[in-house]
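Taking it in order: structure first as structure tokens, then the write-up.
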Amino acid sequence: LKYPCFYISYFLKRNQYEYYGRISDVRNRNDYVQWIAFFLQGIIEICNESIECIESLFDLREKNKNIIK
């Protein structure tokens with residue numbers, strides 16, 4: 001791949017209310033542990049979704065290559 005396929009901002013947008021709550025907890029209670037856990041969960045989810053998307057694109061490419069032949 002020539003371009004990145006990892007977009008944590010998509011996870012943060014999907015979980016916007018939780019994101020804001022966790023940021024507030026860092027600011028108000030200095031609770032970084034829950035923020036880090038939330039962010040790492042986002043990384044895991046986005047990585048898994050990216051892998052699924054890439055695999056689907058490869059499958060589609062192979063299917064289309066066979067049709068073109």
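The values are calculated or read from the model by the stated rules, or taken from the named source; none is laboratory data. These numbers were taken from a predicted model, which means no experiment stands behind them. FYI the Cβ positions are ideal-geometry reconstructions off the backbone, even for glycines, and counts take in every protein chain you see.
I need every pair where a residue in the range 55-69 that is over 15 Å from CYS5 (Cβ atoms) and assigned to a helix (DSSP H, G or I) has its Cβ under 6 Å from the Cβ of a residue that is among the acidic types (Asp, Glu) and at pLDDT 90 or above, sequence separation at least 6 or different chains.
Sorted first by the residue in the range 55-69, then by its partner, the list stays empty.
Take the residues in the range 22-36 that are in contact with a helix residue (DSSP H, G or I) (Cβ under 9 Å, 6 or more places away or on another chain) and part of a helix (DSSP H, G or I); name whichever of them is surrounded by the fewest Cβ atoms within 10 Å (Cβ to Cβ). Step through it out loud before you land on a result.
To start, the set of residues in the range 22-36 that are in contact with a helix residue (DSSP H, G or I) (Cβ under 9 Å, 6 or more places away or on another chain) comprises 22-23, 25-26, 31-32, 34-35.
Still in the list and also part of a helix (DSSP H, G or I): 22-23, 25-26, 32, 34-35.
Working: ARG22: 19, ILE23: 13, ASP25: 16, VAL26: 14, TYR32: 11, GLN34: 13, TRP35: 17.
Ranking the candidates gives TYR32 first.
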